[in-house]
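The values are calculated or read from the model by the stated rules, or taken from the named source; none is laboratory data. Source: prediction; values computed, not measured. Neighbour counts are summed over all protein chains in view; Cβ atoms, including those assigned to glycine, are modelled from backbone coordinates with ideal geometry. All accessible areas refer to the heavy atoms of the entire protein, side chains included, with ligands and DNA or RNA removed. Shrake-Rupley method; radii C 1.70, N 1.55, O 1.52, S 1.80 Å.
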Amino acid sequence: CAIYLGCCPSTYNSTVSRLAFSFLLLLGSLVSVIMILPGMEAQLKKIPGFCVGGTSITIPGIENKVNCDVIVGYKSVYRMCFAMACFFFLFSIIMIRVRSSKDPRASLQNGFWFFKFLILVGITVGAFFIPDGTFNTVWFYFGVVGSFIFIIIQLILLVDFSHTWNQSWLENAEEGNSKCWFAALLSFTVLHYALAFSAVVLFYIYYTTGDDCTEHKIFISLNLIFCIIISIVAILPKVQEAQPSSGLLQASLISLYTMYVTWSAMTNNPNRKCNPSLLSLVNNTPSPTPSPGQEVQWWDAQGIIGLVIFFFCTLYASIRSSNNTQVNRLMQTEENQGLAADDHEAAMGEDGVRRAVDNEEDAVTYSYSFFHFSLCLASLYIMMTLTNWYQPDADYQAMQSSMPAVWVKISSSWIGLALYLWTLVAPVILSNRDFN
């Protein structure tokens, strides 16, 4: 209890703090999902005396005063994610240049959880009093920019995960049954490439049939070429010499993710001839054209997959401990393995009881400020995913798909591929620098 109230500032655990902040983000995301569920507004209007235009009752003092159009639907998601983004951005500013747990601000990072939860609740309540108007349009563009950056961060985290995965299984192969571990590595690599190649074939069949689908053909072809390039570079002798742990497992996983981003981008094309719904593909019927005022349907396949990848990356960012120098520099983290080992020994007391210790007294194991900035961007990404990247129309009564969302996703996939390529060739090009 002392830890969560912040009364014991000498006790720290960086992983627990990251998990706790990530839990607040996931909690807010869950609330946003509930708010945008279909039929939620209709159910709220059934509550007597609650919603404007809802069921009325004759009990004195109880009137229908709540605008349920704001507390559900895409407007509620915008406000909920606005509150989370403001909360994490505030902490990102506060935690700038925190170098060790001796900094007084470190106790705010690792404690006072009850009060931080109250601050988040207060910002959320205030966000729902923001009037309609330009807020929805302005915040949409904030969401587009933030999501663009977060997609790149997701790809960096996948690069780090694939590097760690590959290195771990290679070490297991050296210590134990090498044939079994190498077979497992080969199986997953082939699986990733098979899924990526199958996706390319399906994209050409279903997303390039219209006369105005030239952009889709370019997107698919370019990303296919880029994925082939990174796969070849990953196994070049000089790259292998500089990075023995690099290989096709990482390249295959990045290729698969790139194809997902390509698909996600194409599903935001407002031209229904180039963007058939999965339901229409299954039933072999034309995709219906959305009518004005139609509800936003985020729970399609790409939205659900996007949420799954988001939850995985958020969890991984909270527990990651990587020795990949290039990724650590991109993510503003420098994990000190020696320090962690010393902490493990110090955590066990003389009486055999494990106690919490300050594992960041000399230096923090990750950038507090950048971690909160990443969660701020994650809040914007979850907002855009739940609203399917749709843009509010001129009178803010409906949501429309737009081409800017398509270009944002595609360009983020290109930048992500460039960053992965840099992690491969940097030790070769900058041979005078230490990347080990």
**Item:** R79 vs. criteria open to solvent by 50 Å² or more (accessible area, probe 1.4 Å) and either within 21 Å of the chain's Cα centre (by Cα) or in contact (Cβ under 8 Å) with a residue 60 or more places away in the chain (or both)
**Value:** no
**Prompt:** If you take the residues in the range 82-94 that are open to solvent by less than 10 Å² (accessible area, probe 1.4 Å) and in contact with a Lys or Arg (Cβ under 9 Å, 6 or more places away or on another chain), which one is modelled with the highest pLDDT?
**Reply:** F87
**Fill in**
By residue number, the members of the range 20-39 that are modelled with pLDDT of 85 or more, open to solvent by less than 70 Å² (accessible area, probe 1.4 Å) and more than 12 Å from S76 (Cα to Cα) are A20, F21, S22, L24, L25, L26, L27
**So V66, is it more than 27 Å from A20 (Cβ to Cβ), under 26 Å from the mean Cα position of the chain (by Cα), at pLDDT below 75 and of a type outside the set (G, A, S)** = no
**Asked** A184: in contact with a helix residue (DSSP H, G or I) (Cβ under 8 Å, 6 or more places away or on another chain), open to solvent by 20 Å² or more (accessible area, probe 1.4 Å) and without any contact (Cβ under 8 Å) to a residue 24 or more places away in the chain, yes or no?
**Response** yes
**Complete:** Going through (1) farther than 20 Å from A184 by Cα; (2) aliphatic (A, V, I, L, M); (3) in contact with a Phe, Trp or Tyr (Cβ under 8 Å, 6 or more places away or on another chain) one by one, V233 fails only at (3)
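Check I229, I220 and return the single one that is part of a helix (DSSP H, G or I), touching a helix residue (DSSP H, G or I) at 6+ places or on another chain (Cβ under 6 Å), open to solvent by less than 80 Å² (accessible area, probe 1.4 Å) and of a type in the set (A, V, I, L, M).
Working: I229 fails: touching a helix residue (DSSP H, G or I) at 6+ places or on another chain (Cβ under 6 Å).
Selected residue: I220, the only one of I229, I220 that is part of a helix (DSSP H, G or I), touching a helix residue (DSSP H, G or I) at 6+ places or on another chain (Cβ under 6 Å), open to solvent by less than 80 Å² (accessible area, probe 1.4 Å) and of a type in the set (A, V, I, L, M).
Every residue in the range 187-217 that is part of a helix (DSSP H, G or I), of a type in the set (S, T, N, Q) and either surrounded by 12 or more Cβ atoms within 10 Å (Cβ to Cβ) or at pLDDT 90 or above (or both), please. Give the derivation first.
The first filter runs over the range 187-217 and keeps only residues part of a helix (DSSP H, G or I), leaving 187-206, 214-217.
With of a type in the set (S, T, N, Q) added as a condition, the list becomes 187, 189, 198, 214.
Those that are part of a helix (DSSP H, G or I), of a type in the set (S, T, N, Q) and either surrounded by 12 or more Cβ atoms within 10 Å (Cβ to Cβ) or at pLDDT 90 or above (or both): S187, T189, S198.
So, in the range 261-280, how many residues would count as being open to solvent by less than 30 Å² (accessible area, probe 1.4 Å), at pLDDT below 90 and out of contact with any Asp or Glu (no Cβ under 7 Å at 6 or more places or on another chain)? Give the steps one after another, and end with the answer.
Kept after step one, since they are open to solvent by less than 30 Å² (accessible area, probe 1.4 Å), are these residues of the range 261-280: 261-262, 264-269, 274-276, 280.
Restricting the remaining residues to those that are at pLDDT below 90 gives 261, 264-269, 274-276, 280.
Imposing the further condition that a residue be out of contact with any Asp or Glu (no Cβ under 7 Å at 6 or more places or on another chain) reduces the set to 261, 264-269, 275-276, 280.
So the answer is 10.
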**Prompt:** Which of the residues spanning the range 118-144 are open to solvent by less than 50 Å² (accessible area, probe 1.4 Å) and under 30 Å from T262 (Cβ atoms)?
**Reply:** N136, T137, W139, F140, G143, V144
**Asked** Any idea which of A183, A251, A234, A194 is of a type in the set (A, V, I, L, M, F, W, C) and farther than 24 Å from Y420 by Cα?
**Response** A183
**Item:** Among the residues listed as G143, G122, the single one being touching a helix residue (DSSP H, G or I) at 6+ places or on another chain (Cβ under 8 Å) and part of a helix (DSSP H, G or I)
**Value:** G143
**Prompt:** Hey, F115 hits all of (1) part of a helix (DSSP H, G or I); (2) open to solvent by less than 60 Å² (accessible area, probe 1.4 Å) but one; which does it fall short on?
**Reply:** (2)
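Name the single residue that is least open to solvent (accessible area, probe 1.4 Å) among those in the range 145-171 being among the aromatic types (F, W, Y) and farther than 24 Å from A183 by Cβ. Please lay out each step first, then the result.
Here is the first cut: in the range 145-171, the residues among the aromatic types (F, W, Y) are 148, 150, 161, 165, 169.
So of that shortlist, the ones also farther than 24 Å from A183 by Cβ come out as 148, 150.
Values: F148: 50, F150: 11 Å².
Here the residue is F150.
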